[in-house]
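For reference, the structure discussed in these notes is given below.
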Amino acid sequence: MTVDAQNAASPETWLWFEQALLDTGWAQSVRIGLRNGLIDVILTGVVAEPGDQIHVTGVPGLSNLHSHAFQRGMAGLAEVRGPSRDSFWTWRETMYRFVDRLRPDEVAAIAAMAFAEMLEGGFTRVAEFHYLHHDLDGRPYDNVGEMAEAIAAAAAETGIALTLLPVFYAHSAFGGAAPAEPQRRFINGLDGFHSLMQASERAISILPDAIIGVAPHSLRAVTREELSVVCGMTCGPVHIHIAEQVREVDDCLVWSGARPVDLLFDTVEVDRRWCLVHATHMSASETRRLANSGAVAGLCPMTEANLGDGIFPAAAYLAAGGVWGVGSDSNVLIDAAQELRMLEYSQRLAERSRNVMAGPAGGSTGGALFRAALAGGARAAGVSAGLVVGEVADIVALAGDGGAAEASVGDPCLDRWIFAARDRPVEAVWRRGGQVVRNGRHVAHAETTRRFARVLAMILDLGNS
Ligand code: ZN
């Protein structure tokens, strides 16, 4: 059957899958023709032709809705117990010390490693929440977009699609408190930030389908007046860290009399452009408010677990029809399936129940997780997604698991990928029609890893001197 063969003139590349998750649902024996970076034609129920690249299962690439790429460099470096009770806030001290050593070339090398791993883990776009802007002494670089260019260079090199979210960060605490010294590389006034937005737009112009949005860092880092101005600087996505920590909620209550999510909704119009990152600690009414807004809850389950943040109220949020997606945030590990697994498992532990994130009875949990993360991730990144003619050809091939083919038709293969996969289940990835992952590895994996190791050794050496 031809889904759309009117452009079947001559695709540059043909892929053939035993099964593929199309916009319309699962289809068997699927040929997908790619041309000019787009899905040109989809044929179902057909045999492979000579020259086709043959794979088992094809699914659309996911958007990683929240990343701080440079933090990939400190993965595993903050797992030593300090003198007092460790928390997000002690982790942040480690992060500040690491940040003090990073220059643009090093950020580009670390970001390339993170982005290559994202592609290997099933993410084809990243929403980069980019807050490391200035030189070591806190002064803007002569080219204020220097660091944005480093991020764009890493995206260009690895092939990942980029939604760049320059971060406006001005204060250290609620009420417009002066920034702290370790935050000097993040800080801007509104005028400086306007220039930074323009420079960031220039930085991403080297990429074929990059998008720019904006990220007021958090309610503690921007005043209400600044928040309104910053949100008006773009019509792209708006992301904010919110209600990640109990202390943050308490501080917000003391200062404003309101909880953070309520305060945000009372200050600006929150709609589908918005992604509220974490939103871990919400009251029942805040949960309904967020769900009803069309904004995306940006969940980062592995980082939230690593930092001991808490558990998102997913059951109530889903019951209210809320939209969500996942992000790799601190990049302590990078893998779409592992994020989704951690999300579901944290809910199981909290609810003492199973299949919490599944839909109605009989529905696959993996299928529900994947579809929700695909739609929510795309909305948060400011794009559409899905295997459909005319859409950008961002496609992930999952390997078969040898012998259990019967049980892997349709959604059960997503259950296996998310809950039970071993040995690099993401076999191949095409980004804008070009193959960027082959046999489970990014095509530049070896070179990217070598450069990353060299840069990290140099930075950590510096820290010891
Ligand atoms: Zn974050």
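Percent of alpha carbon pairs in region 76-127 separated by more than 11 Å?
Every Cα pair in region 76-127 considered, those over 11 Å come to 76 percent.
Calculate how many DSSP beta bridges within region 12-59 are antiparallel, expressed in % of all such bridges and rounded to the nearest 5. All intermediate terms of the calculation are to be shown ahead of the outcome.
Working: 15 of 20 bridges.
The antiparallel fraction comes to roughly 75 percent.
With every protein chain present, what is the per residue accessible area of region 230-322 (1.4 Å probe, Å²)? Could the numbers behind the result be given before it?
Values: 3260 Å² over 93 residues.
Spelled out: the 1.4 Å probe surface of region 230-322, per residue, equals 35 Å².
Under the classification rounded if a/c is under 1.5, otherwise prolate if a/b is larger than b/c and oblate if not, where does region 130-223 fall, given a ≥ b ≥ c as square roots of the Cα gyration tensor eigenvalues? Show your work: numbers first, answer last.
On the way: a/c = 2.28, a/b = 1.80, b/c = 1.27.
It is prolate, given that a/c is not under 1.5 and a/b is the larger ratio.
Quick one: net charge of MET118's neighbours, Cβ under 14 Å, K/R +1, D/E -1? Walk me through the numbers before you get to the answer.
On the way: positive: ARG72, ARG125, ARG431, ARG441; negative: GLU117, GLU120, GLU128, GLU157, ASP329, ASP335, GLU339, ASP394.
Here the count lands on -4.
Which order do peptides 296-302, 221-227 fall in by mean Cβ count within 10 Å, highest first?
Taking the mean over residues of other Cβ atoms within 10 Å, the ranking is 296-302, 221-227.
Using only Cα positions of region 122-162, each an equal point scatterer, no hydration layer, compute I(q)/I(0) via Debye at q = 0.17, 0.19, 0.28 Å⁻¹ and quote the log10 values to two decimals.
-0.51, -0.60, -0.95
Per residue, how much accessible area does region 339-387 have with a 1.4 Å probe, in Å²?
43
Translational diffusion coefficient, Stokes-Einstein: compute it for region 193-236 using the Kirkwood radius over C-alpha pairs as Rh, at 4 °C and 1.567 mPa s, and state it as an integer in µm² s⁻¹.
113
Sort the following peptides by mean Cβ neighbour count (other Cβ atoms within 10 Å, averaged over residues), highest first: 254-267, 363-376, 323-336. Can you show the working numbers first?
On the way: 254-267: 18.4, 363-376: 21.1, 323-336: 25.6.
By packing density, highest mean first, the sequence is 323-336, 363-376, 254-267.
Between GLU269 and VAL246, take the C-beta separation as r, use R0 = 45 Å, and let me know the FRET efficiency to the nearest 0.05.
Result of the calculation: an efficiency of 0.95.
Among DSSP beta bridges whose residues both lie in the chain, state the antiparallel percentage, nearest 5.
Antiparallel: roughly 50 percent of the beta bridges in the chain.
Hey, what did region 57-185 get for relative contact order, percent, Cα under 8 Å, at least 6 apart? Don't skip to the answer; put the middle values down first.
Working: 159 pairs, mean separation 39.5, N = 129.
Taking the mean separation of contacting Cα pairs over the length of region 57-185, I get 31 percent.
Using the heavy atoms of the protein chains and a 1.4 angstrom probe, tell me the accessible area per residue for region 9-84 in square angstrom.
On a per-residue basis, region 9-84 sits at 41 Å².
What value, in deg cm²/dmol to 500, does the helix sum -39500 (n - 2.57) over DSSP H runs of n ≥ 4 give at 222 nm once divided by the residues of the chain?
Dividing the helical sum by the residues of the chain leaves -11000 deg cm²/dmol.
Hey, can you grab everything whose amide H is under 5 Å from the amide H of LEU38? Only 5+ residues off in sequence or another chain; H modelled, so Pro and N-termini drop out.
ALA393
Rounded to a whole number, what % of the accessible area of region 103-216 do carbon and sulfur atoms account for, probe 1.4 Å?
Of the solvent-accessible surface of region 103-216, carbon and sulfur hold 49 percent.
With the contact rule set at Cα under 8 Å and sequence spacing of 6 or more, what percent relative contact order holds for the chain?
Numbers: 997 pairs, mean separation 90.4, N = 465.
Relative contact order here is 19 percent.
Rg and Dmax of the chain over Cα atoms: what are they, in angstrom?
Gyration radius and largest Cα-Cα distance of the chain: 21.7, 68 Å.
Answer rounded, prolate or oblate for region 169-262, using the Cα gyration tensor with square roots of eigenvalues a ≥ b ≥ c: rounded when a/c is under 1.5, else prolate when a/b is larger than b/c, else oblate.
prolate
Between GLU391 and THR94, 0.36 nm times their residue separation minus their Cα-Cα distance comes to what?
102.8 nm
Just to confirm a number: summing +1 for Lys and Arg and -1 for Asp and Glu over residues other than GLY298 whose beta-carbon lies under 12 angstrom from that of GLY298, what do you get?
-3
Can you check what the net charge comes to around ARG272, using other residues whose Cβ is under 15 Å from the Cβ of ARG272 (Lys, Arg +1; Asp, Glu -1)?
Numbers: positive: ARG273, ARG289, ARG379; negative: GLU269, ASP271.
Within the 15 Å Cβ shell, the charges total +1.
How tilted is helix 246-256 with respect to the longest principal axis of the chain? Cα atoms for both, answer in degrees (0 to 90, nearest 10).
50
How big is region 63-216 by Rg and Dmax over its Cα atoms, in Å?
In Å, with Rg to one decimal and Dmax whole: 15.4, 48.
The values are calculated or read from the model by the stated rules, or taken from the named source; none is laboratory data. Here the structure is a predicted model, which means the values were calculated and not measured. All Cβ positions, even for glycine, are placed from backbone atoms using ideal geometry, and neighbour counts span all protein chains on display. Note: accessible area is taken over every heavy atom of the protein model, side chains too, but ligands, DNA and RNA are not part of it. Shrake-Rupley method; radii C 1.70, N 1.55, O 1.52, S 1.80 Å.
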